[in-house]
1. Test R139 against the criterion of being out of contact with any strand residue (DSSP E or B) (no Cβ under 7 Å at 6 or more places or on another chain), among the charged types (D, E, K, R), part of a helix (DSSP H, G or I) and within 30 Å of C287 (Cβ to Cβ), and give yes or no.
2. The conditions are (1) surrounded by fewer than 22 Cβ atoms within 10 Å (Cβ to Cβ); (2) over 17 Å from the mean Cα position of the chain (by Cα); (3) within 16 Å of N306 (Cβ to Cβ), and F280 fails exactly one of them. Which is it?
3. Identify, by number, the condition in (1) exposed (fewer than 11 other Cβ atoms within 10 Å of the Cβ); (2) under 27 Å from the mean Cα position of the chain (by Cα) that P44 doesn't meet.
4. I'm told V307 meets every condition in (1) without any contact (Cβ under 8 Å) to a residue 24 or more places away in the chain; (2) touching a Phe, Trp or Tyr at 6+ places or on another chain (Cβ under 9 Å); (3) of a type in the set (A, V, I, L, M, F, W, C) except one. Can you identify the failing condition by its number?
5. Exactly one condition in (1) closer than 19 Å to N86 by Cβ; (2) buried (at least 19 other Cβ atoms within 10 Å of the Cβ) is not met by K105; state its number.
6. So which of S174, S178 ends up being surrounded by fewer than 19 Cβ atoms within 10 Å (Cβ to Cβ), of a type in the set (S, T, Y), within 15 Å of G232 (Cα to Cα) and in contact with a strand residue (DSSP E or B) (Cβ under 6 Å, 6 or more places away or on another chain)?
Amino acid sequence: MLQTVGEWLWWERLWLPANVSWSDLEDSEGRVYAKASQLYAALPCALCLLLVRYVFERYLATPLADAWGIRDRIRQTAEPNPTLENYFSHQARLPSQADVRSLCKKTSWSERSIQVWFRRRRNQERPGLRKRFCEASWRCSFYFFAFVSGVLALYDKPWLYNLKEVWAGFPKQSMLQSQYWYYLLEMGFYLSLLLSLTFDVKRKDFREQVIHHIATLTLLSFSWISNYIRIGTLVMAVHDSADILLEGAKVFNYAKWHQTADAMFVVFTVLFMATRLVIFPFWLIHCTWVYPMEQFPPFFGYYFFNVMLVVLQMLHLYWAFLISRMVYKFIFAKLEGDDRSDEEEYDSDSQREINPKLSHINGAGARDRASGH
């Protein structure tokens, strides 16, 4: 049975155009091709990146946070109460009004006291400002390094300037060392993000992030095996360019350099819209939909690869909507929170009125509204 499944999984018509077999992609005459077994290297690479991230956040980001005076807000802890703790842990973090009244009878507390208890208990599990700063610093540094690596791997390649060159001689295109390391670095990073989602700052678009990371890893793996490497490197470089500015804007926002963060966010918005809503769909997806048809008839891999690109584009549209809504508030109204962030809650509305800038101090704001991956 396993042999049958393996034969079906590696059936050439799933991965390769007609009249092309796996034997055609064996190393020969100085040509080196990507191999599926090389994808296993992504896991140790992801583990190494997690270690590098730990060292970076502990010995670089944390001292930088100290130097810039970034402090976590002092939180009031919830009073120990086994009944409320059991409800919070096993039923819901935000009780309905009917459940609040039921809990009042069980604890002899007032509704107001129970509501305050749940607010404080939720705040206890929310990440502090320093953790957000360290995470944003790490992602900003990685995206910058990855984008520079992508530029170095692509700047002298003809397919960067003429997209038809992406398919010249496909799929018999020799893999370059720069492409190998660029792919390995990106796959390791997105796998590390998937592994760290459970202890990273959790946002309201958590499910979209999971879909994005899985779709990205699927795309990279498929493009590697099917030798769609040239278009793969272009897609990665386009995505990394805007992410640098997004994470950089978050870093400066947490450090209270609001004018710098605002300026970076404006540039990020323009770049995001240009790369994700113009270049990606009308250049890169057009390149994968139209140009291959000029050289070979469509096959399963052709449809699969393009469908996955469309999934990414749908996520881009979702994040573009969040960004557009935030830009509208940025221009026409005061921004007081993050559409995605799991924000700090307050015991009364008067606390926000006393200091309306608390949302900025706690890291919420315009710069932190879209993942932009």
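1. Working: out of contact with any strand residue (DSSP E or B) (no Cβ under 7 Å at 6 or more places or on another chain): yes; among the charged types (D, E, K, R): yes; part of a helix (DSSP H, G or I): yes; within 30 Å of C287 (Cβ to Cβ): yes.
In short, yes.
2. Condition (2) is where F280 drops out.
3. It fails just one condition, (1).
4. (2)
5. With (1) closer than 19 Å to N86 by Cβ; (2) buried (at least 19 other Cβ atoms within 10 Å of the Cβ) applied to K105, the lone miss is (2).
6. S174
Any read-out appearing in this document is the output of simple, stated calculations on the displayed coordinates, not a laboratory observation. Predicted model only: the values in this text are computed from it and were never measured. A quick note on method: Cβ atoms are made from the backbone with ideal geometry, for glycine too, and the neighbour counts reach across all protein chains shown.
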